[in-house]
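Novice: The structure that follows is given in the form of structure tokens.
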Amino acid sequence: QVQLVESGGGLVQAGASLTLSCAISGRPSSIMGWFRQAPGKGREFVAAINWSGDFTSYADSVQGRFTISRDNAKNTMDLSMNNLKPDDTAIYYCAARAAAVTVINRSPSQWRYWGQGTRLTVSS
């Protein structure tokens with residue numbers, strides 16, 4: 001079992017930077033990631049990272065602006081976000097695939113563990 005707790009959301013202006021953090025407890029998963037859900041929309045993939053951190057994947061909409069990282073010694077994962085846009089407004093979720101899985105998948109249905117989410121609002 002894995003428990004995930006996000007933090008770091010808030011209200012920022014367009015162009016600002018912010019870092020979201022995910023505290024991980026329980027048996028760690030090889031593949032960790034971030035998803036988001038904007039008001040009235042479905043949950044969408046944002047970024048994912050493998051165990052060693054040498055492989056990452058990003059949605060086109062955040063490529064070049066967001067950076068995912070993890071610290072396995074501290075059991076944490078971060079999402080550093082730069083040049084935030086109003087379209088980035090959403091609830092951001094930390095997620096983990098099942099422990100034995102070593103492949104990144106962008107479909108939310110393929111992820112087993114979820115945090116409760118942290119809200120980010122970007123004003124124009």
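The values are calculated or read from the model by the stated rules, or taken from the named source; none is laboratory data. The shown structure was predicted, so the numbers you read here are calculated from the model rather than taken from an experiment. Cβ: placed from backbone, ideal geometry, glycine included. Neighbour counts: every protein chain shown. Heads up: the accessible areas ignore ligands, DNA and RNA and are worked out on the full protein's heavy atoms, side chains in. Shrake-Rupley method; radii C 1.70, N 1.55, O 1.52, S 1.80 Å.
Novice: Connecting C-alpha atoms closer than 10 Å in a GNM of the chain, tell me which of Pro39, Pro28, Pro108 has the biggest fluctuation.
Specialist: In the Gaussian network model the winner is Pro39.
Novice: OK, next. Can you list the HN-Hα couplings for the stretch 45-52, worked out from phi with the Karplus curve (6.51, -1.76, 1.60; θ = phi - 60°), rounded to whole Hz and with x for Gly and Pro?
Specialist: Result, rounded to whole Hz: 5, 10, 6, 8, 8, 8, 4, 7.
Novice: Here is a follow-up. Picking from Gly53, Gly40, Gly15, which is most flexible by a Gaussian network model of the chain using Cα springs under 10 Å?
Specialist: Among Gly53, Gly40, Gly15, the largest mean-square fluctuation in the Gaussian network model of the chain belongs to Gly40.
Novice: Right, another one. Quick one: longest stretch of the chain between exposed loop trypsin sites (Lys or Arg not before Pro), exposed meaning at most 12 other C-beta atoms within 10 Å and loop per DSSP?
Specialist: It works out to 75-124.
Novice: What does the net charge come to around Met77 if you take all other residues with beta carbon closer than 12 Å to its beta carbon, with K and R at +1 and D and E at -1? List each step's numbers first, then the result.
Specialist: Details: positive: Arg70, Lys74; negative: Glu6, Asp71, Asp78.
Charge balance near Met77 sits at -1.
Novice: Please list, in order along the stretch 101-115, the HN-Hα scalar couplings obtained from phi with the Karplus expression 6.51 cos²θ - 1.76 cosθ + 1.60 (θ = phi - 60°), rounded to whole Hz, x for Gly and Pro.
Specialist: Each residue of the stretch 101-115 in turn: 7, 10, 10, 7, 9, 8, 7, x, 5, 8, 9, 8, 10, 9, x Hz.
Novice: What part of the accessible area of the chain, given as a whole %, is carbon or sulfur when the probe is 1.4 angstrom?
Specialist: Heavy-atom surface of the chain belonging to carbon and sulfur, 1.4 Å probe: 47 percent.
Novice: Please compute the modelled spin-label separation between Ser80 and Ser7, points set 7 Å along Cα→Cβ, answer in nm with one decimal.
Specialist: The modelled label-to-label distance comes out at 1.9 nm.
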